[in-house]
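Below is one structure, written out as structure tokens; comments come after it.
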Amino acid sequence: MIRETYNGRQLKAIKGKSYGKTRIFVNGTDLGEWLGTQAEQIEWAKRTIDDVDSRPFEGRWTECWYEPGTYELNEHGHVVAPGGTCSCSYCISRREPTKTETPKKAFAKCWVCNQPATHVFTRAGSNTLHACDSCTRIDRAEAESRGWIITKKGTEMTKNETVATFNIEGRDYEVIRIGRDPKTRSWNVFGVFPKYTAAELALPDPKRPYLHIVYAAPAEDGNGWMVHDEMNRVELGPAANYEDMARISAKDPHRPLV
């Protein structure tokens, strides 16, 4: 066994369990067994310490290679100079970025008169158009007859928007807008998601009841709604509302929807 102190580090080398190998310790940290004699491993540790001391604190080496009392550990466990920061790419990428003012997005202009736009025209297979109040009033009838959907800016529908919540027989049901109708590109595909009660959440997963999720989309003829689950479907008339969809979800999942 060899023990030495080198530049403030405690080095120890002992015979390894495998033939021809030496187990090396630096500042009490076991670095494992390496091929070579004890003297060779001590010299290797000294060369590594010289390399560490010749570099700035960069997070490359673990704390055992540094002289005790000359370093600190940052939040990622990397060695840094007292009061300093780590210069490794990992720590740099996770520092809070410098706050800079985000440039304001240019306001859309009307495609006809170049005035500030107030409405959006969308149609499947076509580019999105923007129009002001005046041009929208002039072109609305013709645009809608050609399949354009006109939405006032600031009121656009979005995905994953909760549109209604109902309580049916003690259980809450959320109606969420989940997608677009592929024919009209309108945000009018919905999912009805029942919620567990507080008592059910306290149960382990295998003992919780099955909750019946259903989905609703415009009927193929555009007159009403098609509501379906994994196996069944039912059509609702054009006068149906979100609560009607939720009540279908509240039915026994082992019975047909109709």
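The values are calculated or read from the model by the stated rules, or taken from the named source; none is laboratory data. The model shown is predicted, which means the values in this text are computed figures rather than measured ones. Using ideal geometry, Cβ is built from the backbone for each residue, glycine included, and neighbour counts are taken over all protein chains shown.
Those strands (runs of 3 or more DSSP E) of segment 1-77 in which 2 or more residues are basic (Lys, Arg) occupy 9-15, 21-26. The sole residue among Glu72, Glu58, Glu40 that is farther than 30 Å from His130 by Cβ, at pLDDT 90 or above, surrounded by 11 or more Cβ atoms within 10 Å (Cβ to Cβ) and of a type in the set (Asp, Glu) is Glu40. Within the group Asp205, Asp221, Asp172, which residue is modelled with pLDDT of 85 or more and surrounded by fewer than 16 Cβ atoms within 10 Å (Cβ to Cβ)? Every option except Asp172 fails the conditions. The set of residues from segment 1-19 being loosely packed, with under 11 Cβ neighbours inside 10 Å and not hydroxyl-bearing (Ser, Thr, Tyr) comprises Met1, Lys17.
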